[in-house]
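Below is one structure, written out as structure tokens; the observations come after it.
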Amino acid sequence: QVQLVESGGGLVQPGGSLRLSCAASGFLFSTHAMSWYRQAPGGERELVAAISSTGGSTKYADSVKGRFTISGDNAKNTVYLQMNSLKPEDTGVYYCAAKSAVDYSGNYDYWGQGTQVTVSS
């Protein structure tokens, strides 16, 4: 069955870095667009970053541009989110999502269980 398993979350001080990983199984990774969403306490789930199935196109929320980088490794069936210069407002549960399409726009077919990121001193 389809599985998306996130890892790499944790507690980090403001200005620090984390790298999230999402290991995918049960579908052909190279034909799926991938995204990272996050949900802050009391907030709605929002798109953080997305990457097309070819890796040739990416999209970022304005709040993370220049600080976060999404990338994929087809050999490892894994998508990453490198997060630098973290801020307290980056705190939340980060979810990995996949959809069977080249383009990352629109609704997603599969979701992971989420990993907690807390940015605090």
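Table: residues versus (1) surrounded by fewer than 14 Cβ atoms within 10 Å (Cβ to Cβ); (2) touching a Pro at 6+ places or on another chain (Cβ under 9 Å).
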site	(1), (2)
Thr78	no, no
Leu86	no, yes
Cys96	no, no
Asp103	yes, no
Gly112	no, no
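For the subset of segment 55-69 comprising residues that are touching a residue at least 24 places away in the same chain (Cβ under 8 Å) and among the small types (Gly, Ala, Ser), which member is least open to solvent (accessible area, probe 1.4 Å)? For segment 55-69, the residue satisfying everything is Ser57. Selection over segment 1-30 of residues that are exposed (fewer than 13 other Cβ atoms within 10 Å of the Cβ) and part of a helix (DSSP H, G or I) gives a count of 1. Scanning segment 67-105 for residues that are hydrophobic (A, V, I, L, M, F, W, C) and out of contact with any strand residue (DSSP E or B) (no Cβ under 9 Å at 6 or more places or on another chain) yields a count of 1.
The values are calculated or read from the model by the stated rules, or taken from the named source; none is laboratory data. All values derive from a computational prediction rather than experimental measurement. Every residue, glycine among them, receives a Cβ derived from its backbone with ideal geometry; neighbour counts consider all protein chains shown. In case anyone asks, the SASA skips ligands and DNA or RNA and just uses the protein heavy atoms, side chains included. Shrake-Rupley method; radii C 1.70, N 1.55, O 1.52, S 1.80 Å.
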